[in-house]
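The values are calculated or read from the model by the stated rules, or taken from the named source; none is laboratory data. Because the structure is predicted, anything quoted here is derived from the model rather than measured. Positions of Cβ are backbone-derived with ideal geometry, glycine not excepted, and every protein chain shown enters the neighbour counts.
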There are 2 protein chains.
Amino acid sequence: MSDLRKHSSALQEKAGISPPEITNVTAINTIKFKRRQQPTSQQLIKDILNGNRTALSRAITLIESTNPDHFEKASEIIQGCLPYSNQSLRIGITGVPGVGKSTFIEAFGKQLTQLKKKVAVLAVDPSSSISHGSILGDKTRMEELVKDENAFIRPSASGETLGGVARKTRETIILCEAAGFDTIIIETVGVGQSETAVHSMVDFFLLLKISGAGDELQGIKRGIMEMADMIVINKADGDNIKKANLAKVEFNRALHLFPPKKSNLQPKVTTCSAITKEGISEIWNTISDYFELTNESGFFQEKRSDQNQFWMMETINEQLKRNFYNQPEIISLLEQNKKAVQNNEISPFAAAQNLLQLYFEKKF
Amino acid sequence: MSDLRKHSSALQEKAGISPPEITNVTAINTIKFKRRQQPTSQQLIKDILNGNRTALSRAITLIESTNPDHFEKASEIIQGCLPYSNQSLRIGITGVPGVGKSTFIEAFGKQLTQLKKKVAVLAVDPSSSISHGSILGDKTRMEELVKDENAFIRPSASGETLGGVARKTRETIILCEAAGFDTIIIETVGVGQSETAVHSMVDFFLLLKISGAGDELQGIKRGIMEMADMIVINKADGDNIKKANLAKVEFNRALHLFPPKKSNLQPKVTTCSAITKEGISEIWNTISDYFELTNESGFFQEKRSDQNQFWMMETINEQLKRNFYNQPEIISLLEQNKKAVQNNEISPFAAAQNLLQLYFEKKF
């Protein structure tokens with residue numbers, strides 16, 4: 001820091017003048033004591049398995065932490081919770097901003113807790129670290145659910161990469177299941193790549209829409225309709241009912257253009273109003289039927305197993321790339337080669353070979 | 001080899017009986033001399049730039065070879081041809097077996113050579129090494145084009161992986177362009193992942209279809225319609241004309257459901273008959289317009305530059321993975337961890353960490 005900067009700080013000490021001593025020694029000792037008292041991994045596991053929400057929150061914070069010590073502790077806790085996980089139904093909900101996701105999840109979540117289900121609501125939103133939590137950041141948007149003792153709401157983990165956020169959410173699912181939550185709702189914004197990540201960690205994927213100007217399908221995100229196990233047209237109330245029903249017909253027709261899903265179940269399209277609660281219970285019935293049928297056919301377990309394999313491979317591939325692209329020598333050589341490729345001075349394959357040669361010779 | 005096997009060979013020598021001496025010494029010397037005479041890289045480059053087809057074929061054989069010496073020579077040739085490449089239009093053609101791809105390419109290719117174009121027809125078909133060349137393997141299916149002095153037809157390179165075949169085809173494009181071919185047609189079977197690879201190496205992607213039982217869109221491969229810059233319904237002749245026109249309407253409607261393409265040009269749907277040649281010249285007009293418009297907008301160059309970057313990164317990522325997954329120690333540890341993940345004994349992330357730790361500690 002330059003001298004100028006140093007002296008413009010409000011936290012400076014003048015030479016020769018020592019600051020007053022901190023008087024509240026008790027407070028400091030209390031804090032120090034509490035810090036020492038941080039529960040062990042074993043204690044946290046035990047508390048989570050007893051359904052203790054404070055322990056659950058603390059463990060999730062460890063998962064989300066970037067501190068290497070926390071990383072190890074988090075791994076221990078996940079490993080301890082793992083045998084008690086897998087007992088839930090995982091439902092992904094996506095929809096662009098404006099479709100009323102929060103209101104829908106509030107209504108849907110309340111419906112589930114009334115059926116004596118224990119509901120955890122998580123989110124995958126890599127943008128939230130920048131926008132400070134567009135999703136679930138404002139818990140007040142789920143006023144009733146947040147007060148419900150059978151619901152647990154956790155905003156999106158922050159992180160620079162989607163991969164990082166997705167990993168944290170996936171590990172959080174394990175802890176929530178171990179804590180006894182039997183229905184996990186994972187919310188995501190239907191823009192970018194995050195819904196693909198969510199799709200690969202849930203059993204059922206619900207696409208939330210609203211009826212528009214009659215041109216419902218124009219501009220729908222590539223691939224997102226193919227992932228949906230169900231499409232729900234929200235805000236089907238008042239003057240909107242007719243339009244919502246028309247949209248339902250159009251989506252139904254469009255869905256028939258796609259090849260059959262691996263589950264062999266044709267996605268349903270329904271309308272609902274998160275405000276009037278019209279159609280909410282039917283949605284749960286559809287999802288419930290889906291779980292029953294896929295359990296019977298064995299597709300449910302097969303999909304989970306595939307997802308686990310996928311995440312293992314995905315993690316490996318991501319780390320291999322990260323190790324490569326983060327080497328300072330690679331970074332500078334990559335820039336040179338990118339330019340050479342752009343100017344047609346070198347073929348893409350020769351450029352790649354240059355970089356790989358450096359990497360494997362140096363064995364970073 | 002076991003003794004038993006050895007003695008059942010037809011090539012055995014009986015102990016004590018020496019084989020007759022080879023008498024045709026001249027022939028052997030001629031072969032040896034010819035081998036020594038293999039043209040140098042510089043000679044091949046010069047000949048290719050002069051449009052010599054034998055040199056082109058030889059160089060492509062070097063690209064396709066798995067011999068490490070050939071690899072180096074091939075790289076030199078590609079590097080030498082590179083400044084003279086990029087001067088062509090690259091057209092990808094895909095369609096499932098039975099749509100009449102070979103007949104279509106024959107008719108379309110003849111149309112181009114009549115317009116004084118020099119046409120190279122390549123193929124990407126990773127299965128051809130197993131099935132011994134379903135695509136272009138039988139050149140007689142393009143009887144006229146194969147005799148045309150302005151056409152050059154080369155079957156798919158063989159190779160275990162799509163990545164390998166795609167690389168070889170991409171490098172072959174560079175050589176064909178340097179040899180003066182101004183239109184490169186790349187054929188692929190519309191099944192599996194190969195059309196994605198082809199899509200990422202061409203300027204224009206044409207999907208060939210035939211009219212079916214009225215249910216044209218059911219079961220169409222995911223994503224393939226989104227890649228198409230044009231859909232051509234072939235076999236629109238005789239009794240088929242009406243059905244083909246109906247299919248055209250249906251495809252047109254379906255295409256409007258997709259978001260606009262990056263080129264900002266709406267894909268066209270047309271019908272044709274490769275037998276009667278009806279509609280073939282209109283197809284070239286559409287493609288020609290496309291090139292003109294994308295050249296003006298700058299999209300053409302932008303796409304090529306993106307494709308080159310993509311192939312550089314793709315090659316790096318593929319090699320990183322290959323190096324990892326081919327280590328014997330990783331292979332066995334991977335199997336163990338896969339099973340543990342499947343039995344829910346370890347989280348996918350912890351399993352990935354186990355493997356990565358071994359890999360980076362050992363620095364293979």
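The conditions of being part of a helix (DSSP H, G or I), outside the structural domain of B:Ile185 (by TED's automatic domain parsing), touching a residue at least 24 places away in the same chain (Cβ under 8 Å) and crowded, with 16+ Cβ neighbours inside 10 Å are not met by B:Leu112.
The set of residues in region B:318-364 that are within 19 Å of A:Lys303 (Cα to Cα) and among the β-branched types (Val, Ile, Thr) comprises B:Val341, B:Ile346. Tell me, please, whether a residue that is within 13 Å of chain B (Cβ to nearest Cβ) and closer than 16 Å to A:Asp125 by Cβ can be found in region A:174-189. No, region A:174-189 contains no residue that is within 13 Å of chain B (Cβ to nearest Cβ) and closer than 16 Å to A:Asp125 by Cβ. Considering region B:229-251 alone, what residues qualify as being within 29 Å of the chain's Cα centre (by Cα), modelled with pLDDT of 90 or more, on the phi < 0 side of the Ramachandran plot and not aliphatic (A, V, I, L, M)? Once the filter is applied, which keeps residues that are within 29 Å of the chain's Cα centre (by Cα), modelled with pLDDT of 90 or more, on the phi < 0 side of the Ramachandran plot and not aliphatic (A, V, I, L, M), region B:229-251 yields B:Asp229, B:Asn234, B:Lys248. With respect to A:Thr315, is the statement that it is under 30 Å from A:Glu106 (Cβ atoms) and hydroxyl-bearing (Ser, Thr, Tyr) true? Taking the combined requirement at face value, the residue does not satisfy it. Residues of region A:58-110 being of a type in the set (Ser, Thr, Tyr) and farther than 30 Å from A:Gln301 by Cβ, which ones? Of everything in region A:58-110, those that are of a type in the set (Ser, Thr, Tyr) and farther than 30 Å from A:Gln301 by Cβ turn out to be A:Thr61, A:Ser65, A:Thr66, A:Ser102, A:Thr103.
Of the residues that sit in region A:162-189 and are over 26 Å from A:Gln43 (Cβ atoms) and touching a residue at least 60 places away in the same chain (Cβ under 8 Å), which one is surrounded by the fewest Cβ atoms within 10 Å (Cβ to Cβ)? Checked region A:162-189; the qualifying residue surrounded by the fewest Cβ atoms within 10 Å (Cβ to Cβ) is A:Gly163. Condition (residue is modelled with pLDDT of 90 or more and away from chain B (no Cβ under 13 Å)) applied to region A:214-228: is it met by at least one residue? Checked against the condition, which is being modelled with pLDDT of 90 or more and away from chain B (no Cβ under 13 Å), region A:214-228 yields at least one hit. Looking for something modelled with pLDDT under 95 and not in a strand (DSSP E or B) - is there at least one such residue anywhere in region A:175-185? No, region A:175-185 contains no residue that is modelled with pLDDT under 95 and not in a strand (DSSP E or B).
Of the residues making up region B:238-260, those that are away from every other protein chain (no Cβ under 14 Å) and either of a type in the set (Phe, Trp, Tyr) or crowded, with 17+ Cβ neighbours inside 10 Å (or both) are B:Asn240, B:Lys243, B:Ala244, B:Lys248. In the set (1) within 23 Å of the chain's Cα centre (by Cα); (2) crowded, with 17+ Cβ neighbours inside 10 Å; (3) within 11 Å of another protein chain (Cβ to nearest Cβ); (4) among the aromatic types (Phe, Trp, Tyr), B:Phe310 fails one condition alone, (2). Of the residues B:Lys243, B:Lys277, B:Lys261, the single one that is without any contact (Cβ under 8 Å) to a residue 40 or more places away in the chain, more than 30 Å from A:Ala340 (Cβ to Cβ) and not acidic (Asp, Glu) is B:Lys243. Inspection of region B:84-95 finds a residue satisfying the criterion of being buried (at least 16 other Cβ atoms within 10 Å of the Cβ), more than 18 Å from the chain's Cα centre (by Cα) and either within 14 Å of chain A (Cβ to nearest Cβ) or not in a helix (DSSP H, G or I) (or both). Taking region A:29-59 as the range and being more than 12 Å from A:Lys73 (Cα to Cα), of a type outside the set (Lys, Arg) and part of a helix (DSSP H, G or I) as the test, the residues that pass are A:Asn29, A:Thr30, A:Ile31, A:Phe33, A:Asp47, A:Ile48, A:Leu49, A:Thr54, A:Ala55, A:Leu56, A:Ser57. Considering the conditions (1) out of contact with any Cys (no Cβ under 6 Å at 6 or more places or on another chain); (2) surrounded by 14 or more Cβ atoms within 10 Å (Cβ to Cβ); (3) at pLDDT 90 or above; (4) under 27 Å from A:Asp229 (Cα atoms), A:Ala120 is excluded by exactly one of them, (1). Looking at B:Ser273, B:Ser263, B:Ser281, just one residue is away from chain A (no Cβ under 13 Å), surrounded by fewer than 17 Cβ atoms within 10 Å (Cβ to Cβ) and among the polar types (S, T, N, Q), and that residue is B:Ser281.
Look at (1) assigned to a loop (DSSP other than H, G, I, E, B); (2) at pLDDT 85 or above; (3) more than 30 Å from B:Asp289 (Cβ to Cβ) and you find that B:Gly159 fails only one, number (2). When A:Ser332, A:Ser347 are checked against the criterion of being more than 9 Å from chain B (Cβ to nearest Cβ), over 28 Å from the mean Cα position of the chain (by Cα) and over 30 Å from A:Glu143 (Cα atoms), a single residue qualifies: A:Ser332. Scanning region A:227-250 for residues that are touching a helix residue (DSSP H, G or I) at 6+ places or on another chain (Cβ under 9 Å) and either not in a strand (DSSP E or B) or not aliphatic (A, V, I, L, M) (or both) yields a count of 7. Considering region A:65-83, and only residues there that are more than 14 Å from every other protein chain (Cβ to nearest Cβ) and in a helix (DSSP H, G or I), the residue that is nearest to A:Thr172 (Cα to Cα) turns out to be A:His70. Looking at A:Glu361, A:Glu302, just one residue is under 30 Å from B:Thr172 (Cα atoms), more than 10 Å from every other protein chain (Cβ to nearest Cβ), without any contact (Cβ under 8 Å) to a residue 24 or more places away in the chain and exposed (fewer than 14 other Cβ atoms within 10 Å of the Cβ), and that residue is A:Glu361. From the list B:Gln336, B:Gln301, B:Gln353, B:Gln342, pick out the single residue that is of a type outside the set (Asp, Glu) and closer than 26 Å to A:Asn354 by Cα. After applying the criteria, what remains is B:Gln301.
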